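Notes to accompany the following structure.
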Amino acid sequence: MSSAANAAPKSRTAAWLDRLTPRRVRESLQAILETADGDSRRPALRRGTESSVPGLHVIGDLAGAPVIKLAMAQGVEVIDYLSSLPEMREPASAGRDAELLDVLVVGAGASGLNAALAAKERGWRCVVLEKERIANTIDQFPEGKWVYAEPDTVPAKGKLWLDGAQKEEMVRRWQQIVRDNALDVRTEQPLTRLAKERGVFVATTPKGTLKAKKIVLATGQRGNPRKLGVAGEGLGHVYHRLYSPRKYQGESLLVVGGGNSAIEAALTLAGKNQVVLSYRGGEFARVFKDNQKKLDAAIAAKRIDVVFNSEVQEFRAGEATLTVDRGGHREERVVATDHAFVLVGAELPVAFLKGLGIRLENEWEGKPRRALALAVAALFGCLWLGQAFDAPARFEFFGLSWLAATLGLGDGSGVAFGFIPWWGGLALLLGAVGGLVRTGVKGDRWSWLSLSFLVWYAIYGIKYGKGDEFWPFKGWGYAALSFPFFDLVGGKWQLVERPWSFWYTVLYTVLMTVFGLRAIKRWGLDRKDRFQVWRYTSLLAFQWILFFLIPEFLFQWAVQYEAVGKELASDPQFAEQGWRTYGLVYAWPLFFFTFFYSPHQIWVVWGVLLTCVVIPLLVLFQGKRYCSWICGCGGLAETFGDRWRHLAPKGKSSIKWEVMGLWLLIAAFVVTLLMLARDGFRLGSLVLGGGDYDFWNDKAEFGLRLYRVVADVWLIGILPVTLYPFLGGKVWCRYWCPLAKLMQYVSKFWTRIGWSRFRIVSNDKCIACGECSRNCQVGIPVMQYALKQDVLDNETSSCIGCGICVTVCPMDTLSFSRDEHGKAKLLPVLPSR
Ligand SMILES: Cc1cc2nc3c(=O)[nH]c(=O)nc-3n(C[C@H](O)[C@H](O)[C@H](O)COP(=O)(O)OP(=O)(O)OC[C@H]3O[C@@H](n4cnc5c(N)ncnc54)[C@H](O)[C@@H]3O)c2cc1C
Ligand code: SF4
Ligand code: SF4
């Protein structure tokens, strides 16, 4: 018996410790961060869809154009962009090198052919390399498949023909266009290698090399079938596509997969063959409603034998072995297999792209320890700088004060930096930040994470409070960032000292406005989508009026000029608490301060009404649209965080983590109870006398302070905004916001009893492009709902009704506006979708 077999099983603690080794920590962190874009991963692109390899531009499916029309448009746009570059002004034909191309297009699909046609129109030398044949992807659609020319609202760009047609017709027309325009398309010549020599690309194919000034990569991602990676998969009778189903008659066929292509293949083949359909899941989750119906009928008629929870172990001549999981017990099954079709989807050709030197989105490359060291150095630079403000900027950490005293550098109470000029701190800060930027530009993502953390830690750490700021800003940060600003005092505009919290609100509002206007352009104006124009306008209006102008100016003016009535204006309990106006829109528990610290009764009454009546009614009609139309926290995520929305964590485990919102809701509830108990006892002791007040006061203040630091600073402020560029904008709203969780439960309740008016429905046009899921900031697998035409509501998802999935869908599959009878409009007061 081996010693390993003799070894006692590891205790849970030991297993935990094992897991906590730095490699494991890093790997698990990486796993969370990389679920961000999951299956919809793409090359990281800059302006003009240029990849991380200068001069190599990516278009079409690979660059996020989900349908033919949009892929075609990118083909034209990339050539327009290239023609604006100085190095492309003089065509290659004017130079001495007779072999040099202006552009080498890789991939003869919709985007590549259109780009080549546009290049040809400009008189450029252009060659198209094609791995198989012209319009390969479309050619491989099932026989007679109807190809849609969506979206209807967008006109087709370029010389390639596009209209709704059968795939055969489309391929025939495209081949004709290639001939008519004498395009140099080299079929069966895949690009295998790319190098750059003296500023010119050298592309290698099995038949030779080509030189080009620019490369346009249009290889799509559907043409790269996912493999199982099992023994025998390379045998001649195992295919990853179904070309001509009519060829197979009276044979034993194995189809592997659980998506629409696998099911459609099984259904097509089942008529004249024995078909086994093997799927690793326990049910089909991403299947068109129509396919599901046909499949159910085929199973009932015993035309298809579906083996759920099964995985292929090995393919051999004439048979295949499956492992079937029957509730934890695994057994083997051998199935007769004259031919096998492995149809488990396509995947990004990562190895191919990496081989070309292209960096992908969200790659966690770099050195986390170096990034951490530079961040710490930057913080020490700040600490050192603090002395310029005559503040207690002292080394109070890690016993260094003791060490410094031993070295004779201080008195042991901490090292003031008097012995080194303040600009030494500035140099350290700038050096560390410069180091982070330099390594970040070179592709170290950990550096960007550190930099992002530094910025938001400083902003929120300083905002925490005068004298209460986070290290190393303690005692000086708040003062250093407080400046005067104009205000109307006694009828005159005067410069008035404004604290950092005011400037923080200014910064917040400016960020939201700048990026909100960009988002209006991106989602509203460019796509002619009124819904998104209204939504972003609403977010900006709420931010400007209710979260900036009222608390910072209008409330004080209303008090000054007695617009609130003489009585209220002279009541200090009301007049001196302008900050409570945040409670006009922020309901409990997002802003539970409405109920604490001797509020005027107006605020208490409104707070109860808002939380118990207004919010539930809003949720009844609009679901959780509060998060995407009203709230300032969601507002920053939807505007400043918009460009990173596709990075929201996806997948089942990311959804499970949403339970954290419940913990915060419970914490907010407990703190509220403590505070109310404290206030109750104060009232009691005032009236009756007694000692319980101190006890409750200590508990309540401790709870509140803890909640403030954990929730109001770290979870609302520092962490989510730091993570915007890495996990999208909705980390707080999705994972931690107690109000969002409360609304989720209310909405679920309304949905269960059938009263909710909020839902997203789908028609049958989904082409599984994944754009809806990719762009959902709260990580909902929208495509799965669309494929099955299931209703998406708040019983099954945490949808916040932003409508971006509806807006991005190129096939107009999704909509808010129909009820289950397909008639009633959901939102009479809002523009319909
Ligand atoms: C099942 C299904 C149904 C669809 N239905 C529709 C629809 O009805 N309407 C619609 O508008 N869109 C539809 N689409 C989407 C549409 O097919 C794509 O949006 C479109 O084909 C993308 O064009 P492209 O030029 O980016 O890539 P592709 O059309 O995929 O072209 C890429 C080309 O590059 C070639 N290639 C790959 N690697 C290399 C290499 N190394 N060297 C050289 N060449 C290479 C490939 O062989 C291929 O010819 C559907 C997609 C699928 C999968
Ligand atoms: S499912 Fe659609 S509407 Fe709902 S949050 Fe996601 S993108 Fe927004
Ligand atoms: S519903 Fe989603 S996956 Fe389907 S076509 Fe629309 S965006 Fe693409």
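The values are calculated or read from the model by the stated rules, or taken from the named source; none is laboratory data. Values in this document were obtained by computation on a predicted structure and should not be read as measured data. Methodologically, a virtual Cβ is constructed for each residue, glycine included, from the backbone with ideal geometry; neighbour enumeration extends over all protein chains shown. Protein only, heavy atoms only, side chains kept; ligands, DNA and RNA dropped before computing areas. Shrake-Rupley method; radii C 1.70, N 1.55, O 1.52, S 1.80 Å.
Projecting each Cα onto the charge dipole of segment 262-384 (Lys/Arg +1, Asp/Glu -1 at the beta carbon, about the Cα centre), which of A340, G327, A298 comes out farthest on the positive side?
Final value for the positive-end residue is G327.
Which of the peptides 132-139, 773-780 is most tightly packed, and how do the rest follow, going by the mean number of other Cβ atoms within 10 Å of each residue?
773-780, 132-139
For segment 114-183, what is the charge dipole size about the Cα centre, in debye to the nearest 20, if Lys and Arg each add +1 at the Cβ and Asp and Glu each add -1 at the Cβ?
So the dipole magnitude of segment 114-183 works out to roughly 400 debye.
Would you mind putting 576-583, 272-279, 237-244 in packing order, based on average other-beta-carbon counts within 10 Å, highest first?
272-279, 576-583, 237-244
Identify all lysines with a Cα-Cα distance to K650 below 21 Å; exclude those on the same chain that are fewer than 8 residues away in sequence.
Candidates past the 8-residue exclusion: K624, K730, K741, K788.
On the accessible surface of the chain, probed at 1.4 Å, how many percent belong to carbon and sulfur atoms?
59
Helix 660-688 against the longest principal axis of the chain: what's the angle in degrees, Cα atoms only, rounded to the nearest 10?
10
Under a 1.4 Å probe, what is the accessible area of the chain per residue, stated in Å²?
Result: 48 Å² per residue.
If each residue of separation counts as 0.36 nm, what is the full-extension length gain between D571 and S83 once their alpha-carbon separation is subtracted?
Gain on extension, D571 to S83, equals 168.8 nm.
Once label points are set 7 Å from the Cα along Cα→Cβ at both D694 and L495, what is their separation, rounded to one decimal in nm?
4.9
To the nearest 20 debye, what charge dipole does segment 48-105 have about its Cα centre, counting +1 at the Cβ of each Lys and Arg and -1 at the Cβ of each Asp and Glu?
My answer is approximately 120 debye.
When you take every Cα atom in segment 314-356, what is the radius of gyration, and what is Dmax, the widest Cα pair distance, in Å?
15.9, 45
Going by average Cβ neighbours within 10 Å, how do the peptides 308-316, 650-658 rank, with the highest at the top?
Highest mean packing first, the order is 308-316, 650-658.
Per-residue ellipticity at 222 nm for the chain, helices alone: DSSP H runs ≥ 4 residues times -39500 (n - 2.57), over residue total, nearest 500 deg cm²/dmol?
Helices in the chain give a 222 nm mean residue ellipticity of -12000 deg cm²/dmol.
Treating only the Cβ of Lys, Arg, Asp and Glu as charged (+1, +1, -1, -1), what charge dipole size does segment 521-605 show about its Cα centre? Round to the nearest 20 debye.
Computed charge dipole of segment 521-605: roughly 700 debye.
So, in segment 182-242, how many Lys pairs have Cα atoms under 30 Å apart, if the pair is 8 or more places apart or on different chains?
Going through segment 182-242 pair by pair, I get 5.
Excluding same-chain residues fewer than 8 positions from K528, which lysines have a Cα within less than 18 Å of its Cα?
K69, K157
If you stretched the chain out fully between D290 and S93, how much longer would it get, using 0.36 nm times the residue separation minus the C-alpha to C-alpha distance?
Extra length from D290 to S93 when fully extended: 65.5 nm.
Quick check: residue separation of V608 and T796 times 0.36 nm, minus the Cα distance between them. What number comes out in nm?
Going from the current span to full extension adds 64.8 nm.
Please give the helix 445-463 orientation as an angle from the longest Cα principal axis of the chain, in degrees from 0 to 90, rounded to the nearest 10.
Taking the Cα atoms of the chain, the angle to 445-463 is about 20 degrees.
Just the ratio, please: alpha-carbon radius of gyration of the chain over 2.2 N^0.38 Å, N its number of residues.
Taking the Cα Rg and dividing by 2.2 N^0.38 Å, one obtains 1.11.
Suppose we look only past 22 Å in the calculated P(r) of segment 96-218. What percent of the Cα-Cα pairs does that tail hold?
Percentage above 22 Å: 37.
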